[in-house]
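Participant: Sending over a structure as structure tokens; questions will come in a sec.
The values are calculated or read from the model by the stated rules, or taken from the named source; none is laboratory data. Fair warning: this is a prediction, and the values are worked out from it, not measured in the lab. No Cβ is skipped: glycine too gets one built from the backbone with ideal geometry, and neighbour counts run over all protein chains shown.
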Amino acid sequence: MGTKIVQHNIFGEMEEIRTKKTRKEVFEDYDGFVNKFKPKLTTDDCYTPQYVYDVIRDWVDENVIPLEGKRVVRPFCPGGDYRNFDYSGDCFVLDNPPFSILAEIRDFYAEHNIGYFLFAPALTLFSRLGKNEDNVTFIVAAAKIVYENGAEVRTSFITNRIPGELRVTVRGDLFRRVKEATDRMEGMTKKRTAALCLSGACHKQRAA
């Protein structure tokens with residue numbers, strides 16, 4: 001068996017960061033060999049699982065801006081054009097944008113005074129301050145999100161709707177909410193898989 005490597009995250013919790021394989025495991029890792037030739041996923045291909053989105057939406061409603069009465073919109077979809085999206089009415093953008101054009105998107109929203117709460121890669125969260133962004137707050141959560149296409153991205157957030165002069169905040173409560181939701185979903189998936197396996201085994205026994 002390989003060696004598991006763990007470390008404390010920024011919220012003081014132990015997390016496994018990787019597993020170091022033995023030489024024999026590396027040699028016999030056929031799946032790893034095949035994966036080298038598969039197209040690489042990019043952060044622009046990410047689709048947020050609904051259970052993760054719901055947790056984050058609830059957190060935003062409680063901690064950033066009351067969402068009751070607002071038209072919460074998600075303009076970022078495959079083939080969509082966020083610039084020509086309908087932002088009429090009392091709308092608020094809560095979505096996971098293409099990370100490669102995140103700064104461009106923030107500039108557009110600042111120019112048109114559109115409120116937003118956007119997902120952002122934790123590693124490059126502070127890479128650029130857009131134009132006219134004196135009211136932007138960077139929310140450090142470093143939540144491990146496995147998106148629907150299988151990409152795993154440490155995710156933090158950016159919003160322009162926290163009042164006052166708060167520019168950076170570290171939110172362990174948001175990190176824990178996403179983690180708890182993910183753990184619940186993984187637990188449910190394992191139970192369903194075990195039930196299906198057991199059902200299949202029983203069916204084979206009856207057929208024998």
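Participant: Quick one: in the range 72-118, which of the residues that are of a type in the set (Gly, Ala, Ser) and in a loop (DSSP other than H, G, I, E, B) is modelled with the lowest pLDDT?
Facilitator: 79
Participant: Same structure again: Restricting attention to the range 134-154, does a residue exist that is in contact with a Pro (Cβ under 7 Å, 6 or more places away or on another chain), in the same structural domain as residue 68 (by TED's automatic domain parsing), of a type in the set (Asp, Glu) and part of a loop (DSSP other than H, G, I, E, B)?
Facilitator: Yes, there is a match, as at least one residue in the range 134-154 is in contact with a Pro (Cβ under 7 Å, 6 or more places away or on another chain), in the same structural domain as residue 68 (by TED's automatic domain parsing), of a type in the set (Asp, Glu) and part of a loop (DSSP other than H, G, I, E, B).
Participant: Also, quick follow-up: Can we say residue 36 is at pLDDT 50 or above, surrounded by fewer than 12 Cβ atoms within 10 Å (Cβ to Cβ) and over 19 Å from residue 92 (Cα atoms)?
Facilitator: Criteria met by residue 36.
Participant: Of the conditions (1) within 23 Å of residue 124 (Cβ to Cβ); (2) more than 14 Å from the chain's Cα centre (by Cα), residue 88 clears all except one; give me its number.
Facilitator: The failed condition is (1).
Participant: Six or more apart or on different chains, Cβ under 8 Å: which pairs go from a residue in the range 89-116 that's assigned by TED's automatic domain parsing to the domain that holds residue 162 to one that's in a helix (DSSP H, G or I) and among the basic types (Lys, Arg)? Could you list them?
Facilitator: 94/57; 108/83; 116/106
Participant: For the range 50-71, which positions are surrounded by 12 or more Cβ atoms within 10 Å (Cβ to Cβ), without any contact (Cβ under 8 Å) to a residue 60 or more places away in the chain and assigned to a loop (DSSP other than H, G, I, E, B)?
Facilitator: Passing the criteria: 67, 70.
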